[in-house]
1. Please work out which one of (1) of a type in the set (A, V, I, L, M); (2) part of a loop (DSSP other than H, G, I, E, B); (3) under 28 Å from THR5 (Cβ atoms) is the condition MET101 fails and give its number.
2. Can you list the helices (runs of 4 or more DSSP H) lying wholly within segment 1-96 that have 1 or more residues being aromatic (Phe, Trp, Tyr) and more than 17 Å from LEU122 (Cα to Cα)?
3. Which one is surrounded by the most Cβ atoms within 10 Å (Cβ to Cβ), of the residues in segment 33-68 that are among the aliphatic types (A, V, I, L, M) and more than 16 Å from PRO23 (Cα to Cα)?
4. Which one is surrounded by the fewest Cβ atoms within 10 Å (Cβ to Cβ), of the residues in segment 78-107 that are under 19 Å from the mean Cα position of the chain (by Cα) and of a type in the set (A, V, I, L, M)?
5. Based on what the data block shows, is LEU25 surrounded by 14 or more Cβ atoms within 10 Å (Cβ to Cβ) and without any contact (Cβ under 8 Å) to a residue 40 or more places away in the chain?
6. Are there any pairs with C-beta distances below 7 angstrom linking a residue in segment 88-105 that is farther than 21 Å from GLY29 by Cα to a residue that is surrounded by 13 or more Cβ atoms within 10 Å (Cβ to Cβ) and polar (S, T, N, Q), with the two at least 6 apart or on different chains, and if so which?
Amino acid sequence: MHRNTFINAPQLLNRCFQHQKEPRLFFAGQISGVEGYLESAASGLIVGIQIVLQQQTESFFPFPETCALGALSTHITNTHSKNFQPMNINFGLFPPLGKKMKKAARKAAYGERALADLDTWLQECQKRSPDC
């Protein structure tokens, strides 16, 4: 039997995977409430980037929720379910586009929006820290 051990991220973590009451403590990987190998590795990337930003700029800069990393971190920290369960990245986590489209066009639009928002995020991040 497989047991998936994880914390109650919506009650404990902010969008940068930092513990809300103990700011020196960060969680990444499966224990943080993400599901999957790629998602676990990505959560470690998020934590690493946010720690560097905090040390250099004294602030965090979460990924936009329109990209995969931002959508996943928003989901695990803002889920208002009494029975929180880990989640893989999927298109259902992304904010809606606001108009109906066929599946292929919708997925392409999600990707285009994510790339544009991530580019804006990266430019702003580089203004805050040259190491970003």
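Every number in this text was worked out from the coordinates using simple rules, so none of it is lab data. Keep in mind that this is a model prediction, so the values were computed, not measured. Please note: Cβ atoms are built from the backbone with ideal geometry, for glycine as well, and neighbour counts cover all protein chains shown.
1. All conditions pass for MET101, except number (3).
2. Qualifying helices (runs of 4 or more DSSP H): 37-57.
3. The qualifying residue surrounded by the most Cβ atoms within 10 Å (Cβ to Cβ) is VAL34.
4. Of everything passing the filter in segment 78-107, LEU97 is surrounded by the fewest Cβ atoms within 10 Å (Cβ to Cβ).
5. No.
6. PRO95/THR66
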